[in-house]
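The values are calculated or read from the model by the stated rules, or taken from the named source; none is laboratory data. Small disclaimer: the values here were computed from a predicted structure and weren't measured. Glycine also receives a Cβ, built like all others from the backbone with ideal geometry; neighbour counts cover every protein chain displayed. These area figures cover heavy atoms from the full protein model, side chains too; ligands, DNA and RNA do not enter into them. Shrake-Rupley method; radii C 1.70, N 1.55, O 1.52, S 1.80 Å.
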Amino acid sequence: MDNQSMFPSDLLSAISQVGFPIVLTGYLLLRFEKKLDILTETIKNLTDVVSAKREDDSKRDR
């Protein structure tokens, strides 16, 4: 269930087959997963920046 390629008829078909709560849950999980991927990458980048900053600070203290 890819939310970019889902047409209204596909959405109605999915709702009639499994129910609205299941379809809504699937949609929200897909959106949430994308946001988690972005957040994970951002945290990794922040960790790299903090590590580099600590290394620079420790070199200045010597």
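What angle do you read, to the nearest 10 degrees and between 0 and 90, between the alpha-carbon axis of helix 8-18 and the longest principal axis of the chain?
That helix lies at roughly 80 degrees to the long axis.
When the helices in the chain are scored as -39500 (n - 2.57) per DSSP H run of 4 or longer and the sum is shared across all residues, what 222 nm value do you end up with, to the nearest 500 deg cm²/dmol?
Calculated at 222 nm, the ellipticity per residue is -30500 deg cm²/dmol.
Give me log10 I(q)/I(0) at q = 0.18, 0.29 Å⁻¹ for the chain, Debye formula, one equal scatterer per alpha-carbon, no solvent.
Treating every Cα as an identical point scatterer, log10 I(q)/I(0) equals -0.72, -1.11.
Taking +1 at the Cβ of each Lys and Arg and -1 at the Cβ of each Asp and Glu, which of 58, 36, 18 sits farthest along the dipole of the chain towards its positive end, judged by Cα position relative to the Cα centre?
Value computed over the given set: 58.
Please report, as a whole percent, how much of the solvent-accessible surface of the chain comes from carbon and sulfur atoms (probe radius 1.4 Å).
Ligands and nucleic acids excluded, carbon and sulfur reach 63 percent.
So how strong a dipole does the chain carry about its Cα centre when Lys and Arg Cβ are +1 and Asp and Glu Cβ are -1, to the nearest 20 debye?
About 260 debye.
In Å², and per residue, what accessible area does segment 12-62 have when probed at 1.4 Å with the other protein chains present?
90
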